[in-house]
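J.: Pasting in a structure now, in structure tokens, and then I'll have a few things to ask.
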Amino acid sequence: MTEAKTYRNFINGEWVSSTSGKLLEDRNPADSSEIVGVFQDSTAEDVQQAVDAAREAFRKWRLTPAPKRAEYIYKVGEILIRRKEEYAREMTREMGKVLKETRGDVQEGIDIAYYTAGEGRRMFGKTVPSELHNKYAMSMRMPVGTCALITPWNFPMAIPSWKLMPALVCGNTVVLKPASDTPLSAYHLVKVCQEAGIPRGVVNLVTGSGTSVGSPLMQNSGVDLVSFTGSTDVGGKVGETAARLFKRCSLEMGGKNVIIVLDDARLDLALDGVLWGAFGTSGQRCTATSRVVVHKKVYGEFVEKLAERAKNLRVGDGLDESVEMGPLINEPAVKKIAEYVQIGRDEGASLLCGGVRLTKGEFGRGSFFAPTVFSDVEPGMRLAQEEIFGPVLSVIPCDSLDQAIEIGNGVKYGLSSAIYTQDVNKAFIAMRDLFTGIFYVNSSTIGAEVQLPFGGTKQTGNGHREAADTALDIFSEWKAVYVDFSGKLQKAQIDS
Ligand code: NAD
């Protein structure tokens with residue numbers, strides 16, 4: 001076996017080792033004997049150097065015209081297109097999801113690059129009439145400063161891209177801290193930024209754990225904005241810290257997403273959507289379908305077909321094109337999922353299929369878990385309330401659309417929801433009443449596109465939306481500008 005490559009931090013345009021002298025291994029969850037790469041186990045000192053570099057670079061970058069900043073971002077998109085297959089394969093090795101999904105992850109990076117670069121020539125402000133003679137009133141966006149980007153492992157290139165590109169086009173500089181399970185995909189993205197010619201110090205990368213890098217980064221006095229995606233538990237701490245230190249802060253957190261299947265739904269279509277939503281990325285998506293609320297008239301038939309199809313999903317190494325579901329991210333995830341299966345059993349839900357770790361043959365080398373379906377789940381059970389973040393689906397019976405919506409809304413999260421029905425009136429009622437940031441009709445809870453806002457309500461977010469033009473609201477400050485060309489003092493609200 002060849003020796004694993006060592007990757008370094010990127011600070012002020014140089015690839016540098018951590019001051020700690022320590023390294024972290026990045027292992028393949030489909031085969032834990034394979035080390036995908038070795039990364040820097042960084043410290044607060046490394047963070048300080050990266051923040052200093054980003055602050056220095058901000059002085060020039062903010063004055064670079066936005067269309068010129070956008071040209072670098074277009075170049076990033078072009079390079080990503082050329083490297084898509086290579087980076088997708090490396091991503092599957094580092095975090096397990098199947099190749100068609102890792103190709104989609106890189107594609108999201110490409111999509112957001114092109115979409116955001118277009119904003120370099122838009123970033124619209126408003127011109128509005130002034131109430132006074134010979135006075136001009138308008139609004140414009142200005143950059144915030146140095147941004148800390150703290151990201152999770154489940155979309156290792158897409159999520160850093162969703163933050164990085166809008167931050168840059170708005171004129172900010174960044175320090176990226178990727179999840180310690182997926183530093184390689186973040187390294188690839190930053191390498192592409194370097195190749196695209198983005199000036200030194202504008203993009204910095206520091207790898208390491210949440211406590212040794214994430215925490216000092218978000219608290220650093222040189223950081224003006226913290227953009228975090230991850231669990232609601234950690235997001236709560238990030239939000240508290242940012243509030244105390246008066247930093248701008250956007251949080252994208254957990255989900256407990258629901259699909260409602262009504263008695264008039266096309267069941268074959270609904271089954272496709274539920275299986276894709278529940279077991280895509282092994283259920284490890286913030287938008288994963290973890291609850292399906294099914295009308296009692298079709299419940300029996302639906303549950304039977306669902307269990308049959310879930311049992312037959314092909315689990316294995318995501319590099320095999322025929323595999324439909326890859327491994328979990330790591331061993332603690334396997335332990336957590338097994339605990340939730342036990343919780344479900346103890347609560348009295350019926351285990352229809354799965355519920356076990358897979359250990360035979362090639363499975364023994366990785367963190368594999370069988371696709372798991374529980375039926376007869378009560379809406380209040382922990383199984384139906386808590387984010388499990390794995391291939392575990394709860395099926396809940398309902399009598400009516402009203403009841404289904406009440407169950408759908410009855411969790412602390414509000415990311416994504418969906419309804420399967422052929423009745424347009426019912427679809428519109430669900431669209432209006434499900435309190436989630438994303439909603440689908442006759443489609444699964446996963447599958448967001450970059451030109452629409454992405455994020456959720458309640459404990460999923462703190463009011464921001466990534467992607468689309470709404471991402472600009474995270475990464476810019478509004479400035480209201482008044483230009484008085486009357487040549488005299490005019491007082492608003494006082495002079496008529
Ligand atoms: P996590 O909260 O454990 O970690 C997220 C990031 O925060 C990582 O980089 C981690 O190192 C860092 N971190 C951990 N502790 C920290 C601390 N004390 N201070 C600063 N940083 C710290 O989440 P995860 O396991 O990587 O990702 C899974 C979670 O992310 C799920 O809850 C999922 O729903 C959520 N998620 C949300 C979205 C969304 O857009 N809403 C998208 C993807 C994932």
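J.: Can you tell me which residue among Ser215, Ser180 is surrounded by fewer than 22 Cβ atoms within 10 Å (Cβ to Cβ), assigned by TED's automatic domain parsing to the domain that holds Arg465 and within 18 Å of Met95 (Cβ to Cβ)? Can you show your working first?
T.: On the way: Ser215 fails: within 18 Å of Met95 (Cβ to Cβ).
Just a single option satisfies the conditions, and that option is Ser180.
J.: Still on this structure: Inspect all residues belonging to segment 15-22 and state whether any of them is modelled with pLDDT of 95 or more, more than 27 Å from Glu119 (Cα to Cα), of a type in the set (D, E, K, R) and open to solvent by 70 Å² or more (accessible area, probe 1.4 Å).
T.: In the first step, residues of segment 15-22 are kept if they are modelled with pLDDT of 95 or more; the result is 15-22.
Filter again for more than 27 Å from Glu119 (Cα to Cα), leaving 15-22.
If we keep only those that are of a type in the set (D, E, K, R) too, we end up with 22.
Applying the additional criterion that residues be open to solvent by 70 Å² or more (accessible area, probe 1.4 Å) yields 22.
Looking for residues that are modelled with pLDDT of 95 or more, more than 27 Å from Glu119 (Cα to Cα), of a type in the set (D, E, K, R) and open to solvent by 70 Å² or more (accessible area, probe 1.4 Å), one finds at least one in segment 15-22, hence yes.
J.: Further question: Take Asp263 and decide whether it is in contact with a Lys or Arg (Cβ under 6 Å, 6 or more places away or on another chain) and open to solvent by 20 Å² or more (accessible area, probe 1.4 Å). If you could, list the steps in order and put the result at the bottom.
T.: Working: in contact with a Lys or Arg (Cβ under 6 Å, 6 or more places away or on another chain): yes; open to solvent by 20 Å² or more (accessible area, probe 1.4 Å): yes.
Yes: the conditions hold for Asp263.
J.: Now for a different question. Checking Val298 against (1) surrounded by fewer than 23 Cβ atoms within 10 Å (Cβ to Cβ); (2) within 16 Å of the ligand (Cβ to nearest atom), which single condition isn't satisfied?
T.: For Val298, the exception is condition (2).
J.: Could you go through segment 192-203 and let me know if any residue there is touching a helix residue (DSSP H, G or I) at 6+ places or on another chain (Cβ under 9 Å), surrounded by 24 or more Cβ atoms within 10 Å (Cβ to Cβ) and without any contact (Cβ under 8 Å) to a residue 40 or more places away in the chain.
T.: Checked segment 192-203: no residue is touching a helix residue (DSSP H, G or I) at 6+ places or on another chain (Cβ under 9 Å), surrounded by 24 or more Cβ atoms within 10 Å (Cβ to Cβ) and without any contact (Cβ under 8 Å) to a residue 40 or more places away in the chain.
J.: Inspect segment 229-240 for any residue being part of a loop (DSSP other than H, G, I, E, B) and under 30 Å from Val174 (Cβ atoms) and give the result as yes or no. Step through it out loud before you land on a result.
T.: Taking segment 229-240 and keeping what is part of a loop (DSSP other than H, G, I, E, B), we get 230-231.
Subset that is under 30 Å from Val174 (Cβ atoms): 230-231.
Yes, segment 229-240 contains a residue that is part of a loop (DSSP other than H, G, I, E, B) and under 30 Å from Val174 (Cβ atoms).
J.: Does segment 239-262 hold any residues that are among the hydrophobic types (A, V, I, L, M, F, W, C), away from the ligand (no atom under 12 Å from the Cβ) and farther than 30 Å from Leu275 by Cβ, and which are they?
T.: Residues of segment 239-262 among the hydrophobic types (A, V, I, L, M, F, W, C): 242-243, 245-246, 249, 251, 253, 258-262.
This time we only want the ones that are away from the ligand (no atom under 12 Å from the Cβ), so: 243, 245-246, 258-262.
Once the filter is applied, which keeps residues that are among the hydrophobic types (A, V, I, L, M, F, W, C), away from the ligand (no atom under 12 Å from the Cβ) and farther than 30 Å from Leu275 by Cβ, segment 239-262 yields Ala243, Leu245, Phe246.
J.: Mind telling me which of the residues Gly208, Gly222, Gly239, Gly235 ends up being more than 19 Å from Ile446 (Cα to Cα), touching a strand residue (DSSP E or B) at 6+ places or on another chain (Cβ under 8 Å) and crowded, with 24+ Cβ neighbours inside 10 Å? Talk me through it step by step, then tell me what you get.
T.: On the way: Gly222 fails: crowded, with 24+ Cβ neighbours inside 10 Å; Gly239 fails: crowded, with 24+ Cβ neighbours inside 10 Å; Gly235 fails: crowded, with 24+ Cβ neighbours inside 10 Å.
The conditions single out Gly208.
J.: I'm trying to understand the selection: among the residues of segment 138-166, which are closer than 23 Å to Ala66 by Cβ and touching a Lys or Arg at 6+ places or on another chain (Cβ under 9 Å)?
T.: Met138, Ser139, Met140, Arg141, Met142, Pro143, Val144, Gly145, Thr146, Cys147, Ala148, Leu149, listed by residue number.
J.: Between a first residue in segment 225-238 that is under 21 Å from Val144 (Cβ atoms) and more than 7 Å from the ligand (Cβ to nearest atom) and a second residue that is of a type in the set (A, V, I, L, M, F, W, C) and in a loop (DSSP other than H, G, I, E, B), which pairs have beta carbons less than 7 Å apart while being 6 or more apart in sequence or on different chains?
T.: Leu225/Val144
J.: Looking at segment 1-37 only, could you name the residues that are in a loop (DSSP other than H, G, I, E, B) and under 16 Å from Tyr187 (Cβ atoms)? Explain how you work it out, then say what you get.
T.: Residues of segment 1-37 in a loop (DSSP other than H, G, I, E, B): 1-5, 7-8, 12-13, 17-22, 29-30.
Answer for segment 1-37, where residues must be in a loop (DSSP other than H, G, I, E, B) and under 16 Å from Tyr187 (Cβ atoms): Ala4, Lys5, Tyr7, Arg8, Gly13, Ser17, Ser18.
J.: With Ala270, Ala265 as the choices, which residue is assigned to a helix (DSSP H, G or I), away from the ligand (no atom under 13 Å from the Cβ), hydrophobic (A, V, I, L, M, F, W, C) and touching a helix residue (DSSP H, G or I) at 6+ places or on another chain (Cβ under 8 Å)? Don't jump to the end; show me each part of the working.
T.: Values: Ala265 fails: assigned to a helix (DSSP H, G or I).
The match here is Ala270.
The values are calculated or read from the model by the stated rules, or taken from the named source; none is laboratory data. In this text, all values refer to a predicted model and were calculated from it rather than measured experimentally. Note that we place each Cβ from the backbone using ideal geometry, even for glycine, and neighbour counts take in every protein chain shown. When the accessible area is computed, the model is the full protein with side chains, heavy atoms only, and any ligands, DNA or RNA have been set aside. Shrake-Rupley method; radii C 1.70, N 1.55, O 1.52, S 1.80 Å.
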